[in-house]
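Step one of this worksheet: look at the structure below.
The values are calculated or read from the model by the stated rules, or taken from the named source; none is laboratory data. None of these values were measured; they are calculated from a predicted model. All Cβ positions, even for glycine, are placed from backbone atoms using ideal geometry, and neighbour counts span all protein chains on display. Just the protein is used for accessible areas: all its heavy atoms, side chains included, with ligands, DNA and RNA removed. Shrake-Rupley method; radii C 1.70, N 1.55, O 1.52, S 1.80 Å.
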Amino acid sequence: MATYSQTPGLLNIKAVTGTDFSCQLDFNTNLSGYTFDAAIVLQEYPTKIEQAITVFVDNASQGIITLSLTDAQTSLLGTFSKKKWYLNWNVSGIKQTILAGIFELSDIPLGQNIVTSTGVTINTQSVDITLSAFSNAALGQFV
């Protein structure tokens, strides 16, 4: 699993259908006392339907959290799914969306090489990230 240093803003994610998804984010700030929720928006109207994303606080004092989905959850989202997603934090009773973007799932195209390990430090507020759950590899694309 790759680790990303992240500030609030836009975060587009690409992952592979039918595989485990995991992404660690480092906000470089003390998140003690914060709670989190995240989801992929499957449908907005007439009724909002969401797929929850598991948020695990790895180290609150250092601002490190992990987002994850199981292989069963990514399979249910569909092969060529391109949906909105968000991450909220709640501190002192104030809920705020801190990251949002597009969560895109697809099959790995035939003949494509899969990177085994790449590290990225993010210093912008608009970033695309591609993750391969087969190897827990990650590629960052700066926008």
#### Entry: Approximate spin-label separation LYS48-PHE80, in nm, with each point projected 7 Å along Cα-to-Cβ
2.9
### Message
Check which residues have an amide H placed less than 5 Å from LYS14's amide H, if you skip close sequence neighbours.
### Response
GLU104, ILE129, THR130, LEU131
### Task
For segment 92-97, just list the computed ³J(HN,Hα) in residue order, Karplus coefficients 6.51, -1.76 and 1.60, θ = phi - 60°, integers in Hz, with x standing in for Gly and Pro.
6, x, 9, 9, 9, 7
### Message
Going Cα to Cα from LYS83, which lysines come in below 19 Å? Please leave out same-chain ones fewer than 8 positions away.
### Response
LYS14, LYS48
## Note on the structure
Rg/Rh over Cα atoms for segment 46-92, Kirkwood Rh, comes to 1.04
### Query
Relative to the compact globular guide of 2.2 N^0.38 Å, what is the alpha carbon radius of gyration of segment 1-90, as a ratio?
1.12
### Query
With all protein chains present, how much of the accessible area of segment 5-51 (probe radius 1.4 Å) comes from carbon and sulfur, to the nearest whole percent?
49
### Peptides ranked, highest mean first, by Cβ atoms within 10 Å: ranges 88-95, 75-82
75-82, 88-95
## Note on the structure
To the nearest 20 debye, segment 1-75 has a Cα-centred charge dipole, built from +1 on Lys and Arg Cβ and -1 on Asp and Glu Cβ, of 120
## Note on the structure
Listed by chain and number, the residues whose amide H is under 5 Å from that of GLY78, excluding neighbours fewer than 5 places away on the same chain and using placed H, are none
### Other-chain or far-sequence residues with amide H under 5 Å of THR54's (modelled H)
SER68
